[in-house]
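Participant: Can you read through this structure? Questions will come right after.
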Amino acid sequence: MDDFDDYAKPIASAASTLAETFLAGLNGPQRDAVQTTEGPVLVLAGAGTGKTRALTARLAHLLATRKAWPSEILAVTFTNKAAREMQLRVGRLIGEAVEGMPWLGTFHAVAARMLRRHAELVGLKSNFTILDTDDQIRLIKQLVIADGIDDKRWPPRVLASHIDRWKNRGWTPEALPAAEDGVFADGKARELYMAYQARLVTLNACDFGDLLLHLIVIWQKHLDVLADWHRRFKYILVDEYQDTNTAQYLWLRLLAQHRKNICCVGDEDQSVYGWRGAEISNILGFEKDYPGAKIIRLEQNYRSSGHILGAASGLIAANTERLGKTLWTESDMGEKVHVISVWDGNEEARQVGDRITQLSADQNRLTEVAVLVRASHQTRAFEDRFITLGIPYRIVGGFRFYERAEVRDAIAYLRIINQPDDDLALERIINTPKRGLGDKSLQKVHGLARMKKMPLLMAAELIASTDELGAAARRPLAVLIKDIKRWRGLLETTTHVELARTVLDESGYTAMLQADKSPEAAGRLDNLGELVRAMDEFENLGGFLEHVSLVMDNEANAQDDKVTVMTLHAAKGLEFDTVFLAGWEDGLFPNQRSLDENGLAALEEERRLAYVGLTRARHRSVIFHAANRVVYGQWQSSIPSRFIDELPPEHIDVQSTLSSSDRGLWRSGMNDVNPFGDIARGTGRGPGWERASQQGGIPKTRSVLIEGRAVSSVVIGAPASHFKIGARVFHDKFGYGVVQRIDGNKLDISFESAGLKHVVDSYVKAA
């Protein structure tokens, strides 16, 4: 025994000393999060409260105190970057490289490694292939066509989106609710889902959703396999728990049900991914799922100044779906949050550009400046302005506006109209949208152009008048050539803006995106609308195309010190000295499409997104809202976002760049709208809220802040629906149904397969 004590005591002493070393820099709640190792723990980590530091210190503590070996800890994140950072930080804390941690990684990476050990239990081999999205859609298209289904009316991409959603919900084909049968191909959803899963087994493949779903099925059917994983893992750590979907939640619940040593770190106030399956109820119900769980709140903010923190905290307090935290900081109050009203989007971009120029002149690094927008199409005005001012910028989380595929396609159409010899433009659009021109047909057109040394368009016109191509390719090619000639003629009789709208519609490009029901399609349509709007600022088509070329050339400057432009979703987890928050107007932010589809739940998620935007700023946060916006090519008056009303007055500085005549026009226009009664400040709720929230709608009614004070409430009236009670309609998700009740542009429809649903009339068509 003495020999053992002589051996063990120095090790224990060294471990204790090491643990105290990295605990020394933590505050009280952070230390509690690190040292509470046994039983279920939920760490509610507010924005900027040192969440990553606490999580990695906890992991290091488990290793340094020898509570577990690296292979006995499961630590899951949402990104590879987060996993790598955690591993590096742990290594620095314990003074050695952290190797041999096979179960530290993203949900999908860890699940893939687990599944390869038990693949045979779901009919796969251990060397199965993981399909990407393109392969998945290609496979589904084969199944759709083989079933005799019109893939134009029922796009395979739509079914792929449904299948992904079902797997995120943990639904196998057998468990698919009956209401889901009707969302595709008139009730064939389940049948196609089963055929897709069977085909995957034949190919020895799975998609990303299967990685978790297969394990859930295995563990529910084979308890001995689950018990083996229970013995393997002593501790489970989960990052960003508020972003988990149902399948991830079930996967974790199954793994944690034995020892219950699970620590989840997250912030319900930053749950902003409901549109991709995240369930805020997972974090809200943690105590119910794990009775006796300890809740630790990290509330000391190390990022933002007092006024920014006060404004953000006041805003998020209007949400009801939250566990609650009171963030505080030892930093000084700093600048108040600036709320600035401008006349339109161009003035907004000019104001932001001027302020960034001044920040740069005052020796502020551009890399510490960010412009955050709600929708990607908003970036166009800022990109154009920054080019004019010579401000270097980067687009994060997406392409620059003029580099987006749909924008480049539209510009290619305009280029070939403006310059018929532009072979590159014709190559891009000759089969976009699909016109039945196969590779062999295109090769013949290219071959003739090279042989005759003529432009591609001329070669296409020549070959379309011969029998060199089959009729199936010759006819659509001849139609395209005829259309291009006609569009060129329109340059003499119509504006280049109207021409762009005509081309997008008559080419079938707009219809192609309207038929695409994927989550990205609506944003792509918005981008095309913004492109058309941008053209209105130029005298002619040639001038616009020259401007685009200059903008595209900007990336040649590889300067590192650049302003960051991104969406609010992409900004989550980042921080900057100065943040400009653009487009805070009702309809744009909160997003009206989201409110129409998901009602009160969407409003709360939009408010969480506003909270995320505010808390990205360390020293300076500037909110802009415009009195006018161009929406789908039409000028519309705007009112400030209801979120501006919810900012505590003591933390904001309200300014206006509108002239007195502009403000008079604004108020005059607003007074023409029917008043709907005052709304309690700070809640965003007023008369009609109960009825509207029960029906899934949000009344577009609120008081408006102008020059720091509230003016009369306004209603943005929804147009009356053109449908009548008793009309038979078709919905892409719910199938066929009959209109039972009409409320403005909202319809109660009794669907044959899905039952009674409340939908917006723009999502249905006459059957």
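Participant: Can you run phi through the Karplus equation (6.51, -1.76, 1.60; θ = phi - 60°) for region 562-577 and list ³J(HN,Hα) in whole Hz, with x for Gly and Pro?
Facilitator: Result, rounded to whole Hz: 10, 5, 9, 10, 7, 7, 4, 4, 6, 7, 4, x, 9, 8, 9, 5.
Participant: I need the calculated FRET efficiency for the pair residue 389 and residue 593, taking r as the beta carbon distance and R₀ as 22 Å, to the nearest 0.05.
Facilitator: 0.10
Participant: If I compute semi-axes √(5λ) of the Cα gyration tensor in Å from the structure I just sent, which labelled value in (i) 45, 36, 28; (ii) 46, 28, 22; (iii) 48, 33, 24 lines up?
Facilitator: (i)
Participant: How much solvent-accessible surface does residue 618 expose, in Å² to the nearest 10, with a 1.4 Å probe and all protein chains in place?
Facilitator: For residue 618, solvent-accessible area is about 50 Å².
Participant: Could you please state how large a percent of the accessible area of the chain is carbon and sulfur, counting protein chains only and using a 1.4 Å probe?
Facilitator: In the chain, the share of accessible area belonging to carbon and sulfur is 50 percent.
Participant: Pairs of Cα atoms under 8 Å, at least six residues apart: use those to get the relative contact order of the chain, whole percent.
Facilitator: 15
Participant: To continue, here is another question. What angle do you read, to the nearest 10 degrees and between 0 and 90, between the alpha-carbon axis of helix 246-256 and the longest principal axis of the chain?
Facilitator: It is inclined by approximately 10 degrees.
Participant: In Å², and per residue, what accessible area does the chain have when probed at 1.4 Å with the other protein chains present?
Facilitator: 44
Participant: Name the long-range amide H neighbours of residue 235: under 5 Å, sequence gap of 5 or more, or other chain; modelled H, no Pro or chain starts.
Facilitator: For residue 235, the qualifying residues are 74.
Participant: With every protein chain in place, what's the accessible area of residue 152 (1.4 Å probe, Å², nearest 10)?
Facilitator: 150
Participant: Can you give me the long-range amide H partners of residue 638? Hydrogens built in the peptide plane at 1.01 Å from N, cutoff under 5 Å, separation of 5 or more residues or another chain.
Facilitator: Hits under the 5 Å cutoff: 628, 629.
Participant: Next up: Taking R0 as 56 Å, what FRET efficiency do you get between residue 146 and residue 346 from their Cβ-Cβ distance, rounded to the nearest 0.05?
Facilitator: Using R0 = 56 Å, I get an efficiency of 0.60.
Participant: Right, here's the next one. Once a ≥ b ≥ c are taken as the square roots of the eigenvalues of the Cα gyration tensor of region 130-285, is the result rounded (a/c under 1.5), prolate (a/b larger than b/c) or oblate (a/b not larger than b/c)?
Facilitator: Because a/c hits 1.5 or more and a/b exceeds b/c, region 130-285 counts as prolate.
Participant: Return the FRET efficiency for the residue pair residue 109, residue 65: r is the Cβ-Cβ distance, R0 is 25 Å, and the value is rounded to the nearest 0.05.
Facilitator: Taking R0 as 25 Å, the efficiency between residue 109 and residue 65 is 0.40.
Participant: Karplus couplings for region 32-39 from phi (6.51 cos²θ - 1.76 cosθ + 1.60, θ = phi - 60°), rounded to Hz, Gly and Pro as x?
Facilitator: Per-residue couplings from phi come out as 4, 5, 7, 8, 7, 8, 9, x Hz.
Participant: Could you state the angle between the C-alpha long axis of helix 592-614 and the longest principal axis of the C-alpha atoms of the chain, as a value from 0 to 90 degrees rounded to the nearest 10?
Facilitator: It works out to around 60 degrees.
Participant: Moving to a separate point now. Considering amide H positions built from the backbone, and no H for Pro or chain starts, which residues 5 or more places from residue 623, or on another chain, come under 5 Å of its amide H?
Facilitator: For residue 623, the qualifying residues are 338, 339, 340, 581.
Participant: Rounded, prolate or oblate: which fits region 176-225 when a ≥ b ≥ c are the square roots of the eigenvalues of the alpha-carbon gyration tensor, with rounded for a/c under 1.5 and prolate only if a/b beats b/c?
Facilitator: oblate
Participant: Could you give me the ³J(HN,Hα) list for region 277-283, computed from phi with Karplus coefficients 6.51, -1.76, 1.60 and θ = phi - 60°, whole Hz, x at Gly and Pro?
Facilitator: For region 277-283, the Karplus curve yields x, 4, 10, 5, 4, 4, 7 Hz.
Participant: Round to the nearest 10 and report in Å² the accessible area of residue 367, as given by a 1.4 Å probe over the protein chains' heavy atoms.
Facilitator: Roughly 40 Å² of residue 367 is accessible to a 1.4 Å probe.
Participant: Still on this structure: Quick check for you: which residues of region 405-448 have the amide N under 19 Å from the point 7 Å beyond the Cα of residue 514 toward its beta carbon?
Facilitator: Answer for region 405-448: 406-407, 410, 432-435.
Participant: For n ≥ 4 DSSP H runs only, could you compute -39500 (n - 2.57) per run for the chain, divide by its residues and tell me the 222 nm figure to the nearest 500?
Facilitator: Mean residue ellipticity, 222 nm, calculated: -14000 deg cm²/dmol.
Participant: Give me the number: length gained by fully extending residue 232 to residue 537, i.e. 0.36 nm times residue separation minus the C-alpha to C-alpha distance, one decimal in nm.
Facilitator: Extending this stretch completely gives an extra 103.4 nm.
Participant: Okay, moving on. Tell me whether region 98-139 comes out rounded, prolate or oblate; compute the Cα gyration tensor, take square roots of the eigenvalues as a ≥ b ≥ c, and use a/c under 1.5 as the rounded threshold.
Facilitator: Since a/c reaches 1.5 but b/c is at least a/b, the shape of region 98-139 is classed as oblate.
Participant: Ok, one more. Along each principal axis of its Cα atoms, how long is region 107-190 end to end? Whole angstroms, biggest number first, please.
Facilitator: Projected onto the principal axes, the Cα atoms of region 107-190 cover 40, 25, 21 Å.
Participant: Hey, another quick one. Report, to the nearest 10°, how far helix 660-671 tilts away from the longest principal axis of the Cα atoms in the chain, using its own Cα long axis and a range of 0 to 90°.
Facilitator: So the inclination is approximately 90 degrees.
Participant: May I pose another question? Once the piece of chain linking residue 116 and residue 730 is laid out straight, how much longer is it, given 0.36 nm per residue of separation minus the C-alpha distance between them?
Facilitator: Value of the extension gain: 216.7 nm.
Participant: How large is the charge dipole for the chain, taken about the Cα centre, if only the Cβ atoms of Lys, Arg (+1) and Asp, Glu (-1) carry charge, to the nearest 20 debye?
Facilitator: Dipole about the Cα centre, nearest 20: 1300 debye.
Participant: Something else: Could you calculate the contour length gain from residue 335 to residue 85, that is, 0.36 nm times the residue separation minus the distance between their Cα atoms, to one decimal place in nm?
Facilitator: Here the answer is 86.8 nm.
Participant: Along Cα→Cβ, 7 Å out, is where each label goes; now give me the distance between the ones at residue 23 and residue 35 in nm to one decimal.
Facilitator: 0.4
The values are calculated or read from the model by the stated rules, or taken from the named source; none is laboratory data. Just so it is clear, the structure is predicted and the values come from calculations on it, not from any experiment. With ideal geometry, Cβ positions are generated from the backbone for all residues, glycine too; neighbour counts draw on all protein chains shown. The area values use the complete protein model at the heavy-atom level, side chains included, leaving out ligands, DNA and RNA. Shrake-Rupley method; radii C 1.70, N 1.55, O 1.52, S 1.80 Å.
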